[in-house]
Amino acid sequence: MILITGGAGYVGSHTVKRFRGAGHSIVVFDNLSRGHREAVPRGVRFEKVDLTDARALEAALRRHKRIDGVVHFAAFAYVGESVIHPDLYYTNNVVGSVNLLNAMRSRGIGRMVFSSSCSVYGNAAQQPISEDQPARPMNPYAMTKYVVETMLKNEEKSHGMRFVSLR
């Protein structure tokens with residue numbers, strides 16, 4: 001089974017449909033603050049869970065015992081809003097990801113696909129941007145994505161987490 005966080009959002013819901021179409025069993029966790037319940041196809045397991053609530057997240061994970069990996073889309077993603085309300089972005093995007101990583105580790109889930117952003121490169125020196133260019137996040141949204149990528153690298157070194165970041 002694959003857990004898709006933020007699976008009621010635009011990109012998440014389309015990912016749910018593709019994975020399901022490929023024959024995978026899916027569970028969606030979404031707090032519905034920006035997503036829509038009706039975007040999750042009928043028959044897909046759904047939990048209304050806010051990743052910033054560590055206890056609720058742990059409880060939801062316990063209800064789904066056979067999760068093999070996580071595709072993590074649960075993030076706020078508006079650059080302008082992140083500049084006006086950086087606290088919202090650090091809480092939702094970073095604290096939510098910390099809670100998710102802790103819960104995954106406690107349940108023995110060791111694989112993640114993380115929805116990052118090319119915005120971590122800032123104003124890149126060359127186009128097209130290659131992944132060996134340095135990160136230069138220029139706004140709170142981009143910084144939260146970079147922080148989570150850094151956390152994932154640390155998880156890999158410390159606990160063997162396998163991950164890929166989609167930029």
_Between His14 and Asp132, what is 0.36 nm times their sequence separation minus the Cα-Cα distance? Round to one decimal in nm._
39.6 nm
*Would you mind classifying the chain by shape? Square roots of the alpha carbon gyration tensor eigenvalues, ordered a ≥ b ≥ c; an a/c under 1.5 is rounded, otherwise it is prolate if a/b is larger than b/c and oblate if not.*
prolate
_Per residue solvent-accessible surface (Å²) - region 42-167, probe of 1.4 Å_ = 56 Å²
*asked:* What's the magnitude of the charge dipole for region 9-89 around its Cα centre, counting Lys and Arg as +1 and Asp and Glu as -1 at the beta-carbon? Answer in Debye, nearest 20.
replied: 580 debye
_the chain, accessible surface, carbon-and-sulfur percent (1.4 angstrom probe)_ = 52 percent
*What distance in nm separates the simple spin-label points at Glu156 and Arg45, each placed 7 Å from Cα in the Cβ direction?*
2.8 nm
*In percent, how large is the relative contact order of region 6-83, given Cα pairs closer than 8 Å and 6 or more residues apart?*
31 percent
*What lysines sit close enough to Lys48 to cross-link, taking a C-alpha to C-alpha distance under 22 Å and skipping anything fewer than 8 places away on the same chain?*
Lys17, Lys65
*With +1 on each Lys and Arg Cβ and -1 on each Asp and Glu Cβ, how big is the dipole of the chain about its Cα centre, in debye rounded to the nearest 20?*
720 debye
*Would you calculate the separation in nanometres between label points at His24 and Arg66, each defined as 7 Å from the Cα along the Cα-to-beta-carbon direction?*
1.6 nm
*For Phe76, residues with placed amide H under 5 Å, excluding near neighbours*: Asn93
*Span from the region 1-64 Cα centroid across to the region 88-137 one, whole angstrom*: 19 Å
*Just name one of Gln133, Tyr121, Asn31: the one whose Cα is farthest towards the positive end of the charge dipole of region 20-167 (beta-carbon charges, Lys/Arg +1, Asp/Glu -1).*
Asn31
*Can you give me the relative contact order of the chain as a percent, contacts being Cα pairs under 8 Å and 6 or more apart?*
21 percent
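The values are calculated or read from the model by the stated rules, or taken from the named source; none is laboratory data. Note that the structure is predicted; figures quoted are calculated from it, not measured. Glycine also receives a Cβ, built like all others from the backbone with ideal geometry; neighbour counts cover every protein chain displayed. Heads up: the accessible areas ignore ligands, DNA and RNA and are worked out on the full protein's heavy atoms, side chains in. Shrake-Rupley method; radii C 1.70, N 1.55, O 1.52, S 1.80 Å.
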